[in-house]
Structures are given as structure tokens and as C-alpha cells.
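Remarks on the structure that follows.
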Amino acid sequence: MNLRIANESIKKTICTCIFLSIVCIASFALSSSSSIKTAENFNLPDIYDESKSYSLSDFRGKPVLLNIWASWCLNCKKEMSQLIEIQKEYEQSEFSIIAVNIDNHKDKALKFLNKLEKKTGRKLNYLVLYDGEKAVPKAYYPLGIPATYLIDEKGILKKNYFGSFSKSGLLQLESDINDMVGKAK
């Protein structure tokens, strides 16, 4: 008899734990999806000219695509030429791409960028900053790189994209940018 009561008590405890877990997960999901996340500001030097530095707040009033990359990341390398095309498409709008390099040594990033320009025959048409201290990844907690964040004109983080863009991912990104550029006008 005592064994049966103990089993029922264990079942009730397990059911209660499962129920509370579901409630906690649901409340976290609802709170994280409805909360407004302001993009973390940063101040970093231009990768080509350290005498110039830029803050994310310098771009307030414009939608921004923030990309975190490294020269040793194969998917990042692939994505760089895609970002050139995206910036070219939106060059007449109030839209900016900021690429933040996190290499340990800036010279490796510069070497890669020079190769990219020679290979594609195009100059970079967006801002590239250097973050040797890795402050941006520490602030944005990417799941990996490349990591890309779409930030609206008010500095609110709207979307994040982890990994390189597939064809469908690029189409979604362009749709998201179109929505944002249209709202910023």
C-alpha cells in the first residue's frame, strides 16, 4: 500500500515539475519576443585608417546591417561579396552596412580584403571596422560567425542571422531590408 502511495506522489511531483517547466519556457519565450532590444553601441576604428573611428550611434536615423566576420572564416569570405551586392542595391537609400572584423591581427583582415577586391574587381562599398578586443561579439553574443544583425533607424535590434546566407536566406534578408528601408523613409 505504501509503495502505491509513493508512486502516486512521485507521479504528481513529476507532473508538477513538467507543468512548471512549460510555464517557465512559455513565459520566457513571450517576454523575449515582445521585448525591445536596443542594439549595443560601440566605437571602433576604420580598418583602413585608424585615425577614423565610428560608433553605431553615428548611424542613428538609418537602418543598419551589422556583420561580424573574420578572415579565417570560410563562410564569412563567401558572404563579403554578397554584402557588396546588397549595399550596391541600396546605395540610394538611407541604409548602411557595417562589417566588424574580429581577427587577432588586423593585417590578416587587410590581406583578405585586398584579395577580395582583386578577385571581384570591386572596391568595398561599405564600412569595415576592426575589433581586435572583440567587444562587439561580447556585446551581441553571436552563436557563431558570420553573424549579421538588422538594426532599425531607432537603434532597435530587429533580426539576427547566424551563419552564411543561402539563396532563400538572402531573399529573406532583402525582404527584411526592403521592409525596413520603406519604414525609414
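Return a whole-number percent for the relative contact order of the range 28-157, with Cα pairs under 8 Å and 6 or more residues apart as the contact set. Taking the mean separation of contacting Cα pairs over the length of the range 28-157, I get 39 percent. Looking at the range 43-184 alone, DSSP beta bridges between its own residues are antiparallel in about 60 percent of cases. Using a cut-off of 27 Å between Cα atoms, the listed pairs K78/K158; K138/K167; K108/K158 include K138/K167; K108/K158 as exceeding that distance.
Bear in mind that the values in this text are calculations on the coordinates, not laboratory data. Just so it is clear, the model here is predicted, and its values are computed rather than measured.
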